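Scroll down for the structure; my scribbles are underneath it.
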Amino acid sequence: MTDHKEEQDLELEALSSIYPEEFTQIESDPCCFQVSIASEPEKPEDEDCRVCATLQFSYVDTYPDEAPIIEVPLYEGLDNSDAEGLREYLEQEAQENLGMAMIFTLVSAAQEKLNKFMDKLKNNKEEEKLRKEKEAEEAEKTKFTGTPVTLETFVAWRRAFEQEMMQTKENKNEIPKGKLTGRQLFEQDDSMRDSDAAFLEREVEVDESLFQDLDDLDLDDEDIE
């Protein structure tokens, strides 16, 4: 007959040695404990993609012949669906390891899963970076590239251009209200039309006193000529 309690005690002792800082016993009867794990970034720049989780196991009386109760109460870098997926994955692994002490196996499987989550975050981060770089590149190209001309855009531009030219022409020909052009003033005012002719017909009087007598000037004959 299998002594389940003895196997459980032996496993707890081994786990506390393997995970001296990560292992924490919550209760002793029934036995409940936690193991904290985290992904392992290969490069310092991947630290912001680190994923962490706290796995909680509760022994049932007949463990390891029966799977322990598995929970993921704490996690970082995962969303709720990822954490639930991790729990379901560990439950499936537990069913495949019935009859043997399995906590180390389950923690190792969870560790690999977290590394995959981290790789997913790294890929998302890289894709986001490439997307932003592409958007910036496209924005830079747009500065030096005009709008492609199609038949529809050309026709629309032509119509707008012709309307603008017609409006400009009308504005130039428009006479401000209350004001007449020089031609209109000339045609409507007879005095302006006849002024030049009257000026030509009128005798012009000259004041001779304004001029010195030629005899008073000391001029040579050559100068007079």
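The values are calculated or read from the model by the stated rules, or taken from the named source; none is laboratory data. As the structure is a computational prediction, the values presented were derived from the model and not from experiment. Positions of Cβ are backbone-derived with ideal geometry, glycine not excepted, and every protein chain shown enters the neighbour counts. These area figures cover heavy atoms from the full protein model, side chains too; ligands, DNA and RNA do not enter into them. Shrake-Rupley method; radii C 1.70, N 1.55, O 1.52, S 1.80 Å.
Along the Cα-to-C-beta direction of E71, a point sits 7 Å from the Cα; which residues of the range 9-34 have their amide N less than 12 Å from that point? Hits in the range 9-34 for E71 at 12 Å: 26-27, 32-34.
With a 1.4 Å probe and all protein chains left in place, how much of the accessible area of the range 73-152 comes from carbon and sulfur atoms, in whole percent? Don't skip to the end; give the middle numbers.
Values: 3000 of 5710 Å².
After summing per-atom areas, the C and S share lands at 52 percent.
Taking 2.2 N^0.38 Å as the expected size of a compact globular protein, what ratio does the Cα radius of gyration of the range 4-124 give against it, to two decimals? Intermediate results must be reported in sequence, preceding the final value.
Numbers: Rg = 14.7 Å, N = 121, 2.2 N^0.38 = 13.6 Å.
Against the compact-globule rule of thumb, the ratio is 1.08.
Among the listed pairs K113/K134; K120/K143; K122/K143; K43/K120; K43/K113; K43/K132, give every one whose C-alpha distance is greater than 24 Å. List each step's numbers first, then the result.
Numbers: K113/K134 31 Å; K120/K143 35 Å; K122/K143 32 Å; K43/K120 15 Å; K43/K113 19 Å; K43/K132 22 Å.
Correct reply: K113/K134; K120/K143; K122/K143.
Mind checking which lysines have their C-alpha under 23 Å from K169, skipping anything on the same chain fewer than 8 residues away? Cα-Cα hits under 23 Å: K177, K179.
I want the local charge near P148. Using Cβ-Cβ distances under 15 Å, sum +1 for each Lys or Arg and -1 for each Asp or Glu among the other residues. Neighbourhood net charge equals -1.
Each residue of the range 108-115 is assigned a 3J(HN,Hα), and the resulting list reads 5, 5, 5, 4, 4, 5, 5, 4 Hz, derived from the Karplus form 6.51 cos²θ - 1.76 cosθ + 1.60 (θ = phi - 60°), x at Gly and Pro. If you take the beta carbon distance between K134 and E40 as r and set R0 to 30 Å, what does 1/(1 + (r/R0)^6) give as a FRET efficiency, to the nearest 0.05? The calculated FRET efficiency here is 0.45. The 1.4 Å probe gives accessible areas that order D79, D29, largest first, as D29, D79. Heavy atoms of the protein chains alone define the surface here; on that basis the range 4-124 has 56 Å² accessible area per residue at 1.4 Å probe size.
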